[in-house]
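What follows is a single structure, written as structure tokens, with notes after it.
The values are calculated or read from the model by the stated rules, or taken from the named source; none is laboratory data. The structure presented is a predicted model; accordingly, all values stated were derived computationally and were not measured. Cβ sites come from the backbone with ideal geometry, for glycine too, and all protein chains shown count toward neighbours.
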Amino acid sequence: MIQPVRTLQSPSQTQSTIPSCNVNYHRHRRLSSRCLARPLYLGPHQFSGRMLQIQWDKICTEIFKFDRRVRSAIILDKSGRQIAGGMKKGIPSLEPQSEDIRLIAGITIQINNDLTWDRYFGKLQFTYEKRERINIMTFYLGDKLVLASMEPDFTLQQAQDLRNQIVTNHAQEMR
């Protein structure tokens, strides 16, 4: 396990730190099974999968605490896979569970298509879809997509305030 205070190194700078295996990783690409636990190269804001998961769950909790009308907060990776969040406890989903994948796929496709316009219009700040029974907001936080759904009386200004609060509070972590 990598300790957070340790200086991060690229793969070419790392050597195996397992006592029973003093093989230089850079020299030997094929490692025996006892040498597979070599140090991992992690990006500047990642320490380990578990710590990163806690970070994303914390952001989802912060979204829920913003307003009681927030129904769901979900963090998606670039491929549209859910990595954190979900529906607020006690709130039933409006769509059947069988449609969840289709809904998220549609939103991710739409957002990724919108990104092609960034070079002409600038970076996408957020999208806000207002429907009769629900409002859906999406925005990027680093390279992850945040999807939040709210009750219909949640205003566009409140959605913008929510997005600004989350981005401001976590911008430093995303660098």
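Go through (1) out of contact with any strand residue (DSSP E or B) (no Cβ under 6 Å at 6 or more places or on another chain); (2) within 16 Å of A73 (Cβ to Cβ) for K123 and report which single condition fails.
Tallying (1) out of contact with any strand residue (DSSP E or B) (no Cβ under 6 Å at 6 or more places or on another chain); (2) within 16 Å of A73 (Cβ to Cβ), K123 fails exactly one: (2).
Do you know which residues across segment 120-141 are of a type in the set (V, I, T) and closer than 17 Å to E95 by Cβ? Even if it seems obvious, please write down each step before you answer.
Taking segment 120-141 as the starting set, the residues that turn out to be of a type in the set (V, I, T) are 127, 134, 136, 138.
Listed by number, the residues that qualify are I134, I136, T138.
Is it true that some residue in segment 104-115 is in a loop (DSSP other than H, G, I, E, B) and not charged (D, E, K, R)?
Pass one, segment 104-115, residues in a loop (DSSP other than H, G, I, E, B): none.
No, because not a single residue in segment 104-115 is in a loop (DSSP other than H, G, I, E, B) and not charged (D, E, K, R).
Quick one: S12 ticks every box in (1) modelled with pLDDT of 50 or more; (2) part of a helix (DSSP H, G or I); (3) exposed (fewer than 12 other Cβ atoms within 10 Å of the Cβ) bar one, so which box is it?
(1)
Counting only residues that are surrounded by 14 or more Cβ atoms within 10 Å (Cβ to Cβ), assigned to a loop (DSSP other than H, G, I, E, B) and either in contact (Cβ under 8 Å) with a residue 60 or more places away in the chain or in contact with a Ser or Thr (Cβ under 8 Å, 6 or more places away or on another chain) (or both), how many does segment 122-172 have?
Final tally of qualifying residues: 5.
Taking only segment 55-86 into account, find how many residues are under 16 Å from the mean Cα position of the chain (by Cα) and assigned to a strand (DSSP E or B).
Residues that pass the stated criteria total 10.
So E99 fits all but one of (1) loosely packed, with under 15 Cβ neighbours inside 10 Å; (2) under 21 Å from W56 (Cα atoms); what number is the exception?
The number of the failed condition is (2).
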